[in-house]
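Here the structure is laid out as structure tokens; the discussion comes afterwards.
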Amino acid sequence: MDNKIRQKILFIAFCLVALVYVIRLMQLQIVDDSYFRSAQENVLQEQTIYPARGLIYDRNGELLVYNDAVYDLSVIPIEVKTLDTALFCKVLGISSEQFRYKFEKLKRQKGYAPYKKCIFDRQISIPVYAAFQEHLYDFRGFYVDVRTDRKYAHSNAAHIMGYISEVTDRDIENSNGYYQMGDFKGMSGVERSYEKELGGIKGIKYILVDSKARTQGRYKNGEYDTPSVSGKNINLSLDYKLQALGEELMQNKIGSVVAIEPATGEILAMVSTPSYDPNLFVGRDRGKHYMELLLDPAKPLFNRTIAAPYPPGSIFKILMALTGQQEHVLTPATTYGCSRGYLFVGCHAHGSPLPLRGGIAVSCNSYFCQVYRSVVNNPAYKLREDAYKSFHKHITSFGLGSKLGVDLYGEGSGLVPTSEYYDKIYGRYRWQALTTISLGIGQGELGITPLQMANATAAVANRGYYITPHIVKKIDSKLNPNPDFNKKHWSTIDTSYFQVVIDGMQDVVEHGTAYIAKIPGIEICGKTGTAQNPHGKDHSIFFAFAPKNKPKIAIAVVVENAGFGATYAAPIASLMMEEYLNKKHDTRKALYERMIKANLTHKNTNDSAATKTR
């Protein structure tokens, strides 16, 4: 082999070796940037700047939710080269076993990378924070991050306010890279519904550190930093004093209260009991408290106001009265007799026969069973199912049987059975008015949420329309920010048919079944309901609005296993209406004290069938 050939071979070999190095360098520097990132982050730290969440106020400017500084201990695992574990555990107040467990737990988290900062211990105490700062140089790779946590000024309105918690793996996956391990977001209530507005926008700060983890200053004087944007403040439509009174009156009871301003759809109070102190979801023990509440058989986390379907009982008679008139099978002068009931539906003793207004005032079961029968058997329709569909259309036009669109997560739709529903049970053309007669008095398969009850009351108060109930009144300086919360939703009932029904509702309070709810100087229109409960004592139900003309409040109260509507639901509603309209509720001290002292959580007995829907 001559020299020229040997030189060519050596040259080719050299080029191949050089090519291998070039390819490997490209792989390390371009394709796989982990080495570059590791080297870079040893001297350049990327720190997240967490924004302050927006504050939450009530409609009158009462501060309800604010922020408080907390300290989280973070770690970049790849930077932990040498560590005095004994000293570290002593400062932090943990055992060596706990130390190892925390590190192993970090490695199992989704998205873990040794060069990424992750939370090692959350919300360390101020004394621990101070001690850790003294040994900062000894604990290379560990850092203290300052962020804010929520604080609740009062122990009320937990289901409305909601709570924040650490993001899940699904949250991280669905956030397009925004959320990281250890971030927090709203998980329920207003905190969840308005996370985008309350949460603000995170910022990033780049810090130079030396080999001993000592800060050397901002990278290029902060040229590449992005500031955080604080969350927006929110004013709820909630009246805190009214809410607090509602929760006081409902203590030791199971049920709901919903109060709405009819003209705007703004929710004034929303009480679900049993409830919990929202501050239980603040601090290091939030997970423990959550599990305790989750496993509580009383279901304090369940928001009954928007999700629990109840048979409405006799309050449904108001909608039956309107539907009967709209279908031209009922007039104010229509009279029906009552002999303590109608067929197998019982009724209480009262004068008979009665016209429409009187039937409402005494809550006659027989009267409204016959109204329902005349609606479903209306000869104007060739098929009975068409008559029933018309009935269904009128009832659902008040917002029953479907989600209203309230700005809170977890709303239920309730149930107003369709003709198809009964076809599946009995077969088509094999059921009739008598088969479903209990619907006429608000029983049977009906399931109505307290929010829907209050909304229907607001629609009656408005003589035919409602505005979608909502809890947020203002975001920063923008009033009623959602345009959907300005629209009027009209029922299918002509406005001319409301007056006699409203007059009857006034009679209910003036001298009828809800006389106990009467407030001197205020014209209240209401209706009691005593709804059958297959699991125990009947539910006490009442809905009302006041004043009669230009109403300012519509309210619905459900007290489970409490008997007659006038026994508990009506007094609670009356005391709350007085508080809202007159700014006082102590004019009837005996009634107030009876409500707050009553403990119904241990009672569970039945009443006679004759008074189930009174």
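Every number here is computed from the coordinates shown, using simple stated rules; none is lab data. Keep in mind that what you see is a predicted model, and the values were worked out from it rather than measured. Glycine also receives a Cβ, built like all others from the backbone with ideal geometry; neighbour counts cover every protein chain displayed.
Annotations for the structure displayed:
- Once the chain from S125 to R218 is taken as fully extended at 0.36 nm per residue, the excess over their C-alpha distance is 30.7 nm.
- Taking the Cα centre of the chain as reference, the dipole from Cβ charges on Lys and Arg (+1) and Asp and Glu (-1) amounts to some 600 debye.
- Looking at segment 455-491, the trypsin sites (Lys or Arg not before Pro) that sit in a DSSP loop and have at most 13 other Cβ atoms within 10 Å of their own Cβ are K487.
- Positive-end residue of V472, I126, N486, charge dipole of the chain with Cβ unit charges: N486
- Computed with the Debye formula from one identical point scatterer per Cα of the chain, without solvent, the log10 of I(q)/I(0) at q = 0.06, 0.12 Å⁻¹ comes to -0.45, -1.12.
- Based on C-alpha pairs under 8 angstrom that are at least 6 apart in sequence, the chain has a relative contact order of 14 percent.
- Put simply, the amide H of L238, placed in the peptide plane, has neighbours under 5 Å in R59, leaving out anything fewer than 5 places away on its chain.
- Length released on extending from T226 to H135, taking residue separation times 0.36 nm less the Cα-Cα span: 29.8 nm
- Descending semi-axes in Å of segment 44-233, equivalent ellipsoid built from Cα gyration tensor: 31, 20, 17
- Split the chain at each of the chymotrypsin sites (Phe, Trp or Tyr not before Pro) in a DSSP loop with at most 13 other beta carbon atoms within 10 Å, and the longest piece is 430-614.
- Relative to the longest principal axis of the Cα atoms of the chain, the long axis of helix 450-461 makes an angle of roughly 50 degrees.
- Taking a point 7 Å out from the Cα of K102 in the direction of its Cβ, the residues of segment 164-184 whose backbone N falls within less than 18 Å of it are 166, 181-183.
- Euclidean distance of C-alpha centroids, segment 278-342 and segment 216-277, integer Å: 23
- In the structure shown, the pairs K241/K473; K151/K232; K151/K205; K196/K299 are assessed against 20 Å; a Cα-Cα span above that value is assigned to K151/K205; K196/K299.
- Cα-based helix-to-principal-axis angle, 3-26 vs the chain, degrees rounded to 10: 30
- Degrees, to the nearest 10: 240-249 long Cα axis against longest axis of the chain: 60
- Model label points for D277 and Y206, set 7 angstrom from Cα along the Cα-to-Cβ axis, are 4.7 nm apart.
- Charge tally for P309 (other residues, Cβ to Cβ under 15 Å; Lys, Arg +1; Asp, Glu -1): 0.
- T331-Y515 FRET efficiency (beta carbon distance; Förster radius 35 Å; 0.05 resolution): 0.85
- Between Y381 and L16, the contour length at 0.36 nm per residue exceeds the alpha carbon distance by 122.2 nm.
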